[in-house]
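What follows is one structure encoded as structure tokens, with my remarks underneath.
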Amino acid sequence: MSKLQIILGPTAVGKTDYAIEAALKAGSPVVSCDSRQMFREMRIGTARPDEAQLAAVPHYFIADRSVSDGCTAGQFEVEALRLLERLFKDHETVVMAGGSGLYIDALCNGLDDFPDADPGLRAELSRRLREEGVAALRAELRILDPETYAVIDPANGQRIVRALEVTIATGRKFSSYKTHAPKPRPFAIEKIGLTRPRAELYARIDARVDRMMEEGLLEEVRGLLPYRDLPALNTVGYRELFGYLDKMYDLLEAVRLIKRNTRHYAKKQLTWWARDPSIRWIGLHADAGS
């Protein structure tokens, strides 16, 4: 049976280099499972593979669409399954790499069937998000659905709005719709999780943010101002610099917030995957990958 080998782990752990090495051994391309690296306009802030890495093996779902197009987890599931069907005709093993837990789950298990959106309630919650801020809605979610609160990205206002919308409209917790009944896939799945000691991972995060700023992240963000309200731009590294451009704080504070929020995001990624016993974890050391 064909096999999909997924290389996952927290941001900055070294997934890109590890996946390329695995792909070279398997004679496979790399299929990206990153919900932001697929957007052409978001090169620096998403730590997209560089030219040498992209030249090492073919890559898919890298800079293949505009940020204005968007791509939900459901869309990714459909597109990735179609791509894998094609790739497995020529490759016994296909390597996938990424840190987007929801997108990985969508591909491996399929998405649960959630209720349709309630436009009126969503509009009201979106108004509250704008006027009261994400912290107020997050506090409400913590009371109504602590299970979802524990794993949701604390800065992703749209996702918090959706979780509250479902919970309030149906009287059932958003988390209760997640049956975790996997849909059958016509290929085997192997998940390899990469880890590093916390201090080392945090040092790599800080160094990566500094490199991004040197490479021109501020100018990249400035060029994306017309798109700032799109869900894709509600992303660590972008929203903090939007705050700087709005004169909410100085540039040093913006960089500090990016580093802090990236560390928080790494913790959330690890929390998400802690519930998956199928992952085989591998500890990396200081000179392994970037």
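Scan the stretch 79-99 for residues that are within 17 Å of the chain's Cα centre (by Cα) and surrounded by fewer than 20 Cβ atoms within 10 Å (Cβ to Cβ) and report the count.
Of all residues in the stretch 79-99, those within 17 Å of the chain's Cα centre (by Cα) come to 79-80, 96-99.
Narrowing further to those that are surrounded by fewer than 20 Cβ atoms within 10 Å (Cβ to Cβ): 79.
Adding up the residues that qualify gives 1.
Please tell me if A23 is touching a Lys or Arg at 6+ places or on another chain (Cβ under 7 Å) and either touching a residue at least 60 places away in the same chain (Cβ under 8 Å) or surrounded by 16 or more Cβ atoms within 10 Å (Cβ to Cβ) (or both).
Details: touching a Lys or Arg at 6+ places or on another chain (Cβ under 7 Å): no; either touching a residue at least 60 places away in the same chain (Cβ under 8 Å) or surrounded by 16 or more Cβ atoms within 10 Å (Cβ to Cβ) (or both): yes.
Here the answer is no, as A23 does not meet what is asked.
I'm trying to understand the selection: among the residues of the stretch 91-116, which are more than 26 Å from T170 (Cα to Cα) and touching a helix residue (DSSP H, G or I) at 6+ places or on another chain (Cβ under 6 Å)?
Matches in the stretch 91-116: T93, V94, V95, A97, G99, L107.
Considering only residues that are among the charged types (D, E, K, R) and in a helix (DSSP H, G or I), look in the stretch 246-276 and name the one that is farthest from L194 (Cα to Cα).
Of the residues in the stretch 246-276, the ones among the charged types (D, E, K, R) are 246-247, 250, 253, 256, 259-260, 263, 267-268, 275-276.
Still in the list and also in a helix (DSSP H, G or I): 253, 256, 259-260, 263, 267-268.
Values: E253: 30, R256: 25, K259: 20, R260: 21, R263: 16, K267: 13, K268: 15 Å.
It comes out as E253.
Can you spot a residue in the stretch 163-179 that is outside any helix (DSSP H, G or I), without any contact (Cβ under 8 Å) to a residue 24 or more places away in the chain and at positive phi? Reasoning before the result, please.
As a first pass, look at the stretch 163-179 and keep what is outside any helix (DSSP H, G or I): 171-173, 178-179.
Narrowing the set further to residues that are without any contact (Cβ under 8 Å) to a residue 24 or more places away in the chain leaves 171-172.
Of the ones still in play, those that are also at positive phi are 171.
Yes - at least one qualifying residue is present in the stretch 163-179.
Which residue is surrounded by the most Cβ atoms within 10 Å (Cβ to Cβ), if the candidates are limited to the stretch 174-200 and must be of a type in the set (K, R) and at pLDDT 90 or above? Steps first, answer last, please.
Going residue by residue through the stretch 174-200, those that are of a type in the set (K, R) are 178, 183, 185, 191, 196, 198.
From what's left, at pLDDT 90 or above: 185, 191, 196, 198.
Values: R185: 15, K191: 18, R196: 21, R198: 13.
Within the stretch 174-200, the match that is surrounded by the most Cβ atoms within 10 Å (Cβ to Cβ) is R196.
Kindly provide the set of residues from the stretch 198-221 that are under 28 Å from Q5 (Cβ atoms) and either in contact (Cβ under 8 Å) with a residue 60 or more places away in the chain or not assigned by TED's automatic domain parsing to the domain that holds F242 (or both), ordered by number.
Correct list: E200, L201, Y202, R204, I205, R208.
What about L141, is it in contact with a Phe, Trp or Tyr (Cβ under 7 Å, 6 or more places away or on another chain), part of a helix (DSSP H, G or I) and not assigned by TED's automatic domain parsing to the domain that holds D17? Explain how you work it out, then say what you get.
Numbers: in contact with a Phe, Trp or Tyr (Cβ under 7 Å, 6 or more places away or on another chain): yes; part of a helix (DSSP H, G or I): yes; not assigned by TED's automatic domain parsing to the domain that holds D17: yes.
The answer is yes for L141.
Does L111 fit the bill of being part of a helix (DSSP H, G or I) and hydrophobic (A, V, I, L, M, F, W, C)? I'd like the intermediate steps shown before the answer.
Working: part of a helix (DSSP H, G or I): no; hydrophobic (A, V, I, L, M, F, W, C): yes.
Against the criterion (part of a helix (DSSP H, G or I) and hydrophobic (A, V, I, L, M, F, W, C)), L111 does not qualify.
Are any of the residues in the stretch 165-172 crowded, with 19+ Cβ neighbours inside 10 Å, of a type in the set (S, T, N, Q), farther than 21 Å from A97 by Cα and at pLDDT below 95? Steps first, answer last, please.
As a first pass, look at the stretch 165-172 and keep what is crowded, with 19+ Cβ neighbours inside 10 Å: 165-167.
Those left that are additionally of a type in the set (S, T, N, Q): 167.
Then drop every residue that is not farther than 21 Å from A97 by Cα, which leaves 167.
Of the ones still in play, those that are also at pLDDT below 95 are 167.
Yes, some residue in the stretch 165-172 is crowded, with 19+ Cβ neighbours inside 10 Å, of a type in the set (S, T, N, Q), farther than 21 Å from A97 by Cα and at pLDDT below 95.
Need pairs with beta-carbon distance below 7 Å; first residue buried (at least 20 other Cβ atoms within 10 Å of the Cβ) and within the stretch 140-153, second among the β-branched types (V, I, T) and assigned to a helix (DSSP H, G or I); sequence gap 6+ or separate chains.
Qualifying pairs under 7 Å: L141/T148; L141/I160; D145/T167; I152/I160.
How about the stretch 216-240: which of its residues are over 22 Å from P10 (Cα atoms) and either at pLDDT below 95 or in a helix (DSSP H, G or I) (or both)?
L218, E219, E220, V221, R222, G223, L225, P226, Y227, R228, D229, L230
Taking D34 as meeting all but one of (1) surrounded by fewer than 17 Cβ atoms within 10 Å (Cβ to Cβ); (2) out of contact with any Leu (no Cβ under 8 Å at 6 or more places or on another chain), write down the number of the exception.
Result: D34 passes all but (1).
Results for (1) part of a helix (DSSP H, G or I); (2) among the aliphatic types (A, V, I, L, M), shown as yes or no for each residue.
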{"site": "G99", "(1), (2)": "no, no"}
{"site": "A106", "(1), (2)": "yes, yes"}
{"site": "L129", "(1), (2)": "yes, yes"}
{"site": "A135", "(1), (2)": "yes, yes"}
{"site": "D153", "(1), (2)": "no, no"}
{"site": "R159", "(1), (2)": "yes, no"}
{"site": "E190", "(1), (2)": "no, no"}
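The values are calculated or read from the model by the stated rules, or taken from the named source; none is laboratory data. It should be emphasised that the depicted structure is a prediction, and the values quoted were computed from it without experimental measurement. Ideal geometry is used to build each Cβ from the backbone, glycine not excepted, and the neighbour counts take in all protein chains shown.
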